[in-house]
Structure formats: C-alpha cells, structure tokens
Amino acid sequence: MNFFTVVVLAAVFATVVSLISGISSMGTDHRIGRLDSAHWMVRRVEFHAVAFLLVLLAIYVAS
C-alpha cells in the first residue's frame with residue numbers, strides 16, 4: 001500500500017467512526033445528545049470532504 005491509500009483509508013475510517021458516534025448520540029433522549037449528534041454530523045461532512053479531496057489528489061498524482 002502506498003501513502004495515499006493509507007491516508008484515504010484513514011479518512012474513510014474517521015468518517016465511519018463519526019457516523020457511528022452520531023447515530024449513537026441520536027439514540028439518547030437528552031438535549032445534549034441531540035447537540036452532540038449535530039456536532040458529529042458536521043464532523044462527518046468534514047471527513048467526507050477531506051476523503052474526497054485526498055482521492056482527487058491521489059488520482060491527480062497517479063496520472
């Protein structure tokens with residue numbers, strides 16, 4: 001595995017972890033749980049953006 005593969009997989013893993021954390025936060029009935037869920041949703045979108053940009057960079061470097 002090269003460097004870009006490892007970095008992209010790390011970004012995908014971070015996205016999945018933030019998704020699972022957000023879902024588990026939604027399961028709580030408290031106001032804090034809902035706010036925490038929204039926080040994880042924002043983080044998940046950020047991780048998606050980073051993963052997408054890294055994939056584009058890897059494609060650009062490979063060609």
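Where a number appears in this text, it was derived from the coordinates with a stated rule and is not lab data. Only a predicted model underlies this, so the values are computations on that prediction, with no experimental measurement involved.
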Listed values (1) 8.1; (2) 4.0; (3) 8.6, entry calculated as mean projected area of the Cα convex hull in nm²: (2)
J(HN,Hα) series, the stretch 42-47, from Karplus relation 6.51 cos²θ - 1.76 cosθ + 1.60, nearest Hz, glycine and proline x: 5, 4, 4, 5, 5, 5
